[in-house]
Every structure is written in C-alpha cells, then in structure tokens.
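Each reported figure results from applying straightforward, stated rules to the coordinates on display, with no laboratory input. For clarity, every value in this text was computed on a predicted model and none was experimentally measured. We place every Cβ from the backbone using ideal geometry, glycine too, and count neighbours over all the protein chains shown.
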Amino acid sequence: MTGPRYILSRLGQAIIVLWAAYTVSFIVLYALPGDPVALLAGTDGTDTSEEQLDDLRAKLGLDRPLIVQYFVQLGGLFVGKFGTSIGSGRPVVELVGEAIPPTLQIAVVAFVLAVVIGGGLALLATYVRGRWLSSFLLGLPPLGVAIPSFWFALMLIQWFAFQIPIFPAMGDHGFISLVLPAVTLALPTGAMIAQLLSKSLDTTLREPYIDTARAKGATRSRVHLGHALRNAALPAITMGGLIVGQLLAGTVVTETVFSRAGIGRLTATAVQQQDIPVVQGIVLFAAAAFVLANLVVDLVYPLLDPRIVLPGGRRGGGAGEDVEETDIPSVEARKTEVIA
C-alpha cells in the first residue's frame, strides 16, 4: 500500500526539485554573456538605437532588477504562466507542448531498443560459457558509452542514407524516419543498461540462493531468467531517472543532426538565441520527467522485491500476522543498498 504521508512527501520533494531546477537555470542563464534583446533585434547596436533596445527590454520585462524578474516569473508558475518566448513571442507552454510529441516518439522507440539490446547483451554475456566470448561481449558496453553520439549519427547517415539508401537522412516522414535517430539515441542508453545489468547479474549468480536453485535441478536458463534476472534488474531500474535524463539530453544532438523538430532542437535554438523563458520551460519539463521517472521506480520496486514496502504501507506476514514497517526495508533504503 502507499500511505498518504508517502504521497505528500514525494509531492513535497517534487516541488523542491522543480524549484531548484528553475532557480539554478535562472542564475546560469542570466550569468551568460550577451544580450538577448540585441540578439532578437539582430544587431550589435549599430543599426538599432539604444532607445529602441530599451523599449524592447521594457516590453519584455527585462529592464527590472533580476530579483524582481525572478519572483515575478516564479509567481507566474503557480498560476500556469510560463512566460513568452523572446524570439517568437509565442507562449512557452505552446512551444514546449508542440515539441514534446516528436521527441516522445524518438525517446520511446530508443528506450525499447536500449532495453532490448542492452538487456539482451547483458544476459548473453553472463550466460555464455566461453570466457573469451563473455569478455568480448562485456567489452562492448564501455565502447558504446565512449562513442560520441554526433559521430555515430553521422556514420549512420553516411552508411544507411547515402551509401545504402534505406532510411531518410533527415526530416519527419513516418516511422521509417525514426529508425536512425532512435538507434543513435539508444546507443549510450543501451550501453549504460548493459553495464549495470551485466555487473549485477554476475554478482547475483554468485548468491547462495542461486546455488540452492541449481541443487534443486533448475536449468541454466531458468536460473538465469527466473531467479537471477529479477533481483539483478534492480540496479538498472534504480537508475531510471538517469536513463530518462540520458534520453532527454541525447535529443539535443540527435534532433539537430537529423533536422527533426522536438525538445532537443528547441533547446539548441533557445540557448543559441538566449531565449530564457523557453530554456526555463524546457528545464522544468526535464525536471518533471526526472521526478516522474523516480516515482515510477519507487512504485515498481515492491513488485520486483517482495521484501520492500512503500513508506506508510503494511504487508502481511506469515500465518496471517502483520509485519511491522520496521521489519521491512523501505524503498529508499533498498535503493541506497543497490547503488552501493
């Protein structure tokens, strides 16, 4: 069960994370050199008078002290006002809302590919009997992490769009146009999953209960998939927030290289133009996705490890007796143990 205190605690943590992300982005963006108003005017000040630039700053609210701008913008968040884009003049909510669906398409396909490829590689590397083959397979994930995403994307375009014209090099033309961007995005994520899962599987397969399962006559595949994988998957699931962050960060390169609309390309354009409201809207979206991913991880944990109960919940013990919460590891304690 999920207790009310746990829900309220997580909501409080989510608000703190969103506030911290907004505040840090505000400080960093305003500390950057350059003048967004001058960039918007498309000039360095030689063709536009200073009076015109001042009028534009006043119109955008950029002439007020930073502390006033901060609290005005922060107050707008509580009433659903995320500001207006400096570059386009459109509401930030509309721009981010339009960019989410195409990015979500790539992210979902990339995540599925990453889980299938990364998980399959980890299972195969820890299942094969040949030491040389296992070592070779275990050496692939670090290579996948080390390969620069932009270089890999350019190689995919060169191979499968120009030399062997199977997939389009850019644009959004149905599912086939998702393949190359999704593969590019899945490479580092799948490599991360493979590293975590292979290491965890190797450790889990040495546990005493695995020896017990083998002694009872369980086959290698049943031991591997039925007994070891369930507990070995916990570290990879624990890193769910980082995986979501990896996917969102990767869209900046992927959508730029493949000329696709989405959160990544919107981020690159907004940073280039110093469009502060848009960047802050994207930061809040990314922070919300991170918080949601970690909440889902906490809810999935008890399904994978029956010993875990969510704070505020209660689990039945043997012979119809109740088990006190102090006797059951919490989600936070188990996550700390797994990461360690």
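Quick notes on this one:
- Each peptide in 59-69, 122-132, 99-109 was scored by the mean count of other Cβ atoms within 10 Å over its residues; highest first, the order is 99-109, 122-132, 59-69.
- Amide H to amide H distances under 5 Å link T84 with V92, where only residues 5 or more positions off or on other chains count and H is placed in the peptide plane.
- Of the peptides 290-298, 180-188, 160-168, 244-252, the ranking by mean beta-carbon count within 10 Å, highest at the top, reads 180-188, 244-252, 290-298, 160-168.
- Global form of the range 236-293, assessed from the alpha-carbon gyration tensor, a/c cut-off 1.5: oblate
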